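The values are calculated or read from the model by the stated rules, or taken from the named source; none is laboratory data. Keep in mind it's a predicted model, so treat the numbers as computed, not measured. Please note: Cβ atoms are built from the backbone with ideal geometry, for glycine as well, and neighbour counts cover all protein chains shown. With ligands, DNA and RNA removed, areas are computed over all heavy atoms of the protein, side chains included. Shrake-Rupley method; radii C 1.70, N 1.55, O 1.52, S 1.80 Å.
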Amino acid sequence: MTDNITSVGGGNRPDTGVSALKGRTGAGAPAETRGKTTIADGVVAKIAGMATREVPGIHSMGAGMARAFGAMRERVPGGGGGVTRGVKVEVGERQAAVDLDVVVEYGVSIVDVAGGVRTNVISALERMTGLEVVEVNIAVDDVHLPDEEEEAERDEGRVR
């Protein structure tokens, strides 16, 4: 591949948090490599969040208070789904690192789920952005128990 990924951000510049894919220039270069493509950190975080949620055994994402606030925000019309809740990324010139906070379903193998998450996140990010993913760190913050969902449904059902 002839593209180079370079960091556009840094210091007090307004384009901090953006990576750029720079291609070769000139008449002899292929059309798809002429110019540059920038990828914001938020885009990398969204891709990582979506790829994580696709893995069976993941119940939700975010640690403690972030999950509580996210649950309230989801109930407010227009509050958004919080795709990047529980996702932190560092994007460099050619590489990215991802930190995830997850809640797994009770009964699943945490080791297997974590392996599936790593595989899915790395595959999605490298395929979609061209960045090399150097690490995906996963913090399992909680285990979702089946009876927790029943209690929440009963609490919601009392007031109509």
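Across region 131-144, the number of residues qualifying as over 20 Å from Gly62 (Cβ atoms) and open to solvent by less than 40 Å² (accessible area, probe 1.4 Å) comes to 2. The residues listed here are Leu125, Leu100; of these, the one that is in a strand (DSSP E or B), of a type in the set (A, V, I, L, M) and either out of contact with any Lys or Arg (no Cβ under 7 Å at 6 or more places or on another chain) or at pLDDT 95 or above (or both) is Leu100.
Of the residues making up region 41-96, those that are in contact with a Gly (Cβ under 9 Å, 6 or more places away or on another chain), in a helix (DSSP H, G or I), of a type outside the set (Val, Ile, Thr) and at pLDDT 55 or above are Asp41, Gly42, Gly49.
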